[in-house]
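Asker: This is the structure I want to talk about, given as structure tokens.
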Ligand code: N01
């Protein structure tokens with residue numbers, strides 16, 4: 001029996017032993033052998049060599065395998081083919097190559113893709129720069145000479161200025177953690193290291209471990225040959241029919257019509273494939289329409305048709321579940337044995353959060369009498385034995401075992417080389433808690449080091465061919481530019497890297513991806529840090545970010561050389577991703593600024609946009625009514641929890657700059673607060689300006705809490721358990737109400753939650769200038785609100801600007817929420833500080849990357865969920881410590 005390492009060893013013969021011979025001398029200062037070393041001769045390495053030659057830089061590529069191809073060299077298992085259509089999964093950098101190569105199938109086989117890459121290597125004369133059957137074992141940064149020193153497994157030392165890992169995301173096989181894996185006496189194969197001569201399964205009893213893409217592609221083919229096939233499944237995976245066949249005429253015509261435009265569309269797309277983007281979420285259409293779209297996607301086949309049937313598959317669990325159940329029904333319809341069918345139905349992760357597979361008759365394979373499925377969740381593997389596999393219940397004997405157990409994804413191949421950067425820092429140590437990169441390309445402490453499709457880039461969530469070309473182009477353009485400028489080293493800054501890691505995590509956190517134990521999360525490798533590895537922001541968006549970094553003169557990088565040093569420090573993306581998307585959509589709609597409208601038009605506009613908003617969660621009951629305001633009856637809307645009462649009561653004051661809105665205008669936020677705090681929320685209206693100016697609003701606010709306190713029991717509340725909350729101008733009203741109640745010996749208020757409050761009209765705090773434009777609430781809009789609401793002379797009155805109160809002591813405990821990109825940010829922060837200084841119990845939550853309007857956007861902006869939760873938690877705490885009467 002051969003170990004995985006031995007399998008690798010058998011394939012490292014026959015390399016073409018040609019040293020770097022492209023004729024380009026190193027043209028950088030320092031004692032380098034070559035300008036650039038490239039590790040890996042797959043899609044990325046080949047294109048790198050071509051580009052570097054074009055730049056006139058000397059390059060040497062090292063490749064462990066005996067030939068080009070990377071993943072397509074190693075993964076020769078039966079049934080291996082790509083699962084992005086070949087017309088898209090190919091190079092676009094050369095129009096003639098693009099034109100001359102024709103794929104024979106929609107999804108080309110591994111041999112065809114390998115021959116394509118061999119053709120490219122020959123066509124562009126790249127073989128001369130590749131050292132095959134040679135593994136780079138270690139790379140160490142020499143700080144004095146500003147170069148990398150590499151050592152290969154054949155004992156060669158190479159010095160280079162720049163070091164590029166083009167080692168692929170899924171190339172380092174996962175070592176088997178199954179007990180006894182070395183004991184098996186029969187044939188053993190790994191899909192990731194398949195023998196070149198192929199494997200004959202005829203008449204054999206075969207066991208396959210794993211049900212990921214490699215297994216799902218190979219199982220139907222192995223089943224055709226073998227006498228008996230047993231599949232060991234730990235996690236059922238979603239698989240979609242590939243519907244492979246000849247290249248589709250429609251797709252070919254679309255590409256041929258204008259090849260350059262077609263490729264450009266792919267580059268600017270979400271996943272690197274030019275497909276139409278659905279405009280609606282799955283829950284926005286009827287069940288009938290939803291199923292129709294799923295049926296259509298199922299009949300067309302392919303990943304993108306399915307995942308793209310609606311626009312919210314990977315962010316909305318309810319929508320995702322409709323697709324998941326659709327696929328489960330398909331499985332139940334195909335697989336005749338109901339127990340096997342049920343075992344094949346994925347239930348522990350949303351669709352797409354583990355890489356979905358494309359198959360060719362996978363599920364139907366289980367209808368063959370000689371194919372069995374072992375559900376390891378019910379009957380786990382105990383050990384591999386000399387003769388087979390023992391599960392808890394059965395001893396299985398096999399002639400052959402196939403491991404289709406996957407890879408140490410995204411980081412495994414990179415850290416398998418012992419890479420040491422500045423001051424002896426080992427990359428493996430730096431990344432022990434998860435990879436840290438800037439743009440997925442570079443990492444602090446490792447100058448002149450680049451990882452093509454590295455962790456933190458779209459890579460595995462995209463058409464790899466497009467992402468590889470983009471990375472190679474970006475790196476090569478950069479190297480060319482550095483060379484012209486006489487820059488010796490480039491390295492990202494701590495701030496830029498930390499900002500990018502944060503952005504990558506922020507993006508992942510608004511999706512469903514972190515819910516699965518997937519290799520995207522590093523969860524398939526025991527002991528590996530559980531971190532979301534790729535960047536989920538999309539190929540087009542990511543490309544724009546990389547371009548912006550360069551346009552901003554290498555924002556986030558330190559450039560050093562020939563006596564000059566440049567550090568243009570900064571963070572490329574600071575807004576929460578969903579907030580940025582929302583702002584982008586709004587910008588594309590070219591909406592008029594509110595302050596350019598009359599008050600009537602502005603109110604009509606807000607009412608119209610509110611109709612299109614998704615509702616918040618269901619509550620037990622909603623009651624509309626009226627209460628006596630300070631001078632006349634006003635509306636309220638009461639939200640009652642579904643749990644048995646009585647409940648504490650929260651008086652809520654809506655936002656809208658004292659001019660816009662009403663009792664029902666913050667409906668989603670009120671529902672959310674009601675559900676999460678388990679309290680009655682009563683949204684109390686107040687008179688609006690300009691018809692009724694200052695102090696109408698706070699007078700009505702105070703009348704509202706008095707009215708609630710007087711009849712708490714009849715409203716279903718707990719007497720004495722009353723808190724106030726509000727957003728923006730409503731938070732201003734809530735803050736003033738607390739002061740008035742204290743000063744007038746009014747109702748006891750258990751606590752105040754102030755979301756982005758207006759607290760002081762008189763000070764020009766820096767957030768107002770910093771965030772004057774571009775974040776919905778502009779400083780001119782704020783001025784418009786003030787002009788309608790209060791005369792300049794009144795604005796310093798504490799009933800308009802509560803921060804100006806002479807005494808802030810003895811006020812109810814508070815949670816103040818401020819948002820980073822809000823003109824009002826510093827007003828809220830100043831109020832929190834002043835309350836604290838006055839001895840009030842205050843928590844100040846500063847919401848990173850949020851804008852003035854984003855926290856109330858329940859169901860639209862998931863990134864604000866934690867702030868909404870904090871508001872509900874604060875309310876609960878107020879009530880837990882307050883005394884009911
Ligand atoms: O690997 P995988 P893969 N005991 O990690 C199971 C790309 N790709 O090689 O899910 C029992 O997906 C493991 O179970 P679990 C594609 O991106 C593309 O198939 O961890 N079982 C899982 O079922 C793909 O996603 C193409 O519970 C064990 C399986 O082994 C990626 O490569 C083709 C186990 C591993 O599945 C990786 O795919 C092939 C254990 N100890 C691959 N350890 C195309 O382009 C692991 N498993 C078509």
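Asker: How do 502-512, 538-548 rank on mean C-beta neighbours within 10 Å, highest first?
Answerer: Per-residue mean Cβ counts within 10 Å order the peptides as 502-512, 538-548.
Asker: Give me the distance in nm between label points sitting 7 Å out from Cα along the Cα-to-Cβ direction at residue 259 and residue 125, one decimal.
Answerer: 2.2 nm
Asker: Can I ask one more? Could you work out how far apart the two model spin labels at residue 473 and residue 586 are, taking each label as a point 7 Å from the Cα in the direction of the beta carbon, and quote it in nm?
Answerer: About 3.2 nm, to one decimal.
Asker: Let me ask you something else. Before rounding to the nearest 500, sum -39500 (n - 2.57) across all DSSP H runs of length at least 4 in the chain and divide by the residue total; then give [θ] at 222 nm in deg cm²/dmol.
Answerer: After summing the helix terms and dividing by the residues of the chain, the value is -10000 deg cm²/dmol.
Asker: Sticking with this one: Could you give the length gained by full extension between residue 794 and residue 873, i.e. 0.36 nm per residue of separation minus their alpha carbon distance, to one decimal place?
Answerer: Extra length from residue 794 to residue 873 when fully extended: 24.9 nm.
Asker: In the range 57-82, whose amide N lies under 14 Å from the spot 7 Å out along Cα-to-Cβ of residue 196? List them in ranges.
Answerer: From the range 57-82, the list is 64-70, 73-76.
Asker: Let's test the formula: R0 of 35 Å, r as the Cβ-Cβ distance of residue 422 and residue 547. What FRET efficiency results, to the nearest 0.05?
Answerer: It comes out at approximately 0.80.
Asker: Mind giving me the FRET efficiency for residue 102 and residue 494? R0 is 45 Å, r the Cβ-Cβ distance, nearest 0.05 is fine.
Answerer: Using R0 = 45 Å, I get an efficiency of 0.40.
Asker: Between the alpha-carbon centers of the range 71-118 and the range 393-430, tell me the distance in whole angstrom.
Answerer: 26 Å
Asker: Another question, then. Could you grab the relative contact order for the chain? Cα pairs under 8 Å, six or more apart, rounded to a whole percent.
Answerer: 10 percent
Asker: What is the range 346-418's relative contact order, in percent, from Cα pairs under 8 angstrom and six or more apart in sequence?
Answerer: It rounds to 13 percent for the range 346-418.
Asker: A further question follows. So, by mean Cβ neighbours within 10 angstrom, what's the order for 832-845, 119-132, 256-269 with the highest one leading?
Answerer: Output ranking for 832-845, 119-132, 256-269: 119-132, 832-845, 256-269.
Asker: For Cα pairs less than 8 Å apart in space and 6+ apart in sequence, what is the mean separation divided by the residue count of the range 631-731, i.e. the relative contact order in percent?
Answerer: 42 percent
Asker: Also, I was wondering about something else. Let me know the whole percent of all Cα-Cα pairs from the chain that are separated by more than 55 Å.
Answerer: Cα-Cα pairs in the chain separated by more than 55 Å: 24 percent.
Asker: Students often get this wrong: which residues of the range 678-692 have the backbone nitrogen under 14 Å from the point 7 angstrom along Cα-to-C-beta of residue 599?
Answerer: 686-692
Asker: For helix 43-55, what angle does its Cα long axis make with the longest principal axis of the chain, in degrees from 0 to 90 and rounded to 10?
Answerer: Result, in degrees: 90.
Asker: I'd like the orientation of helix 213-225 relative to the chain: the angle between its Cα long axis and the longest Cα principal axis, in ° from 0 to 90, rounded to 10.
Answerer: 40 degrees
Asker: Where the centroid of each part is defined by its Cα atoms, how far is the range 559-575 from the range 132-190 in Å?
Answerer: Taking the Cα centre of the range 132-190 as reference, the centre of the range 559-575 is 31 Å away.
Asker: With angles folded into 0 to 90 degrees, how steeply does helix 729-743 sit against the dominant principal axis of the chain? Use alpha carbons for both and round to 10.
Answerer: Once rounded, one gets 50 degrees.
Asker: Which residues does the label zone of residue 642 cover in the range 312-329, counting backbone N under 16 Å from a point 7 Å along Cα→Cβ?
Answerer: Of the residues in the range 312-329, 318 have backbone N under 16 Å from the label point off residue 642.
Asker: Between residue 368 and residue 115, how high is the FRET efficiency from 1/(1 + (r/R0)^6) when r is the Cβ-Cβ distance and R₀ = 35 Å? Nearest 0.05.
Answerer: Once rounded, the FRET efficiency stands at 0.65.
The numbers here are math on the coordinates, done by the rules we state, and not lab data. All values reported here derive from a predicted model rather than from experimental measurement. Don't worry about glycine lacking a Cβ; one is built from the backbone with ideal geometry, like all the others, and counts go over all protein chains shown.
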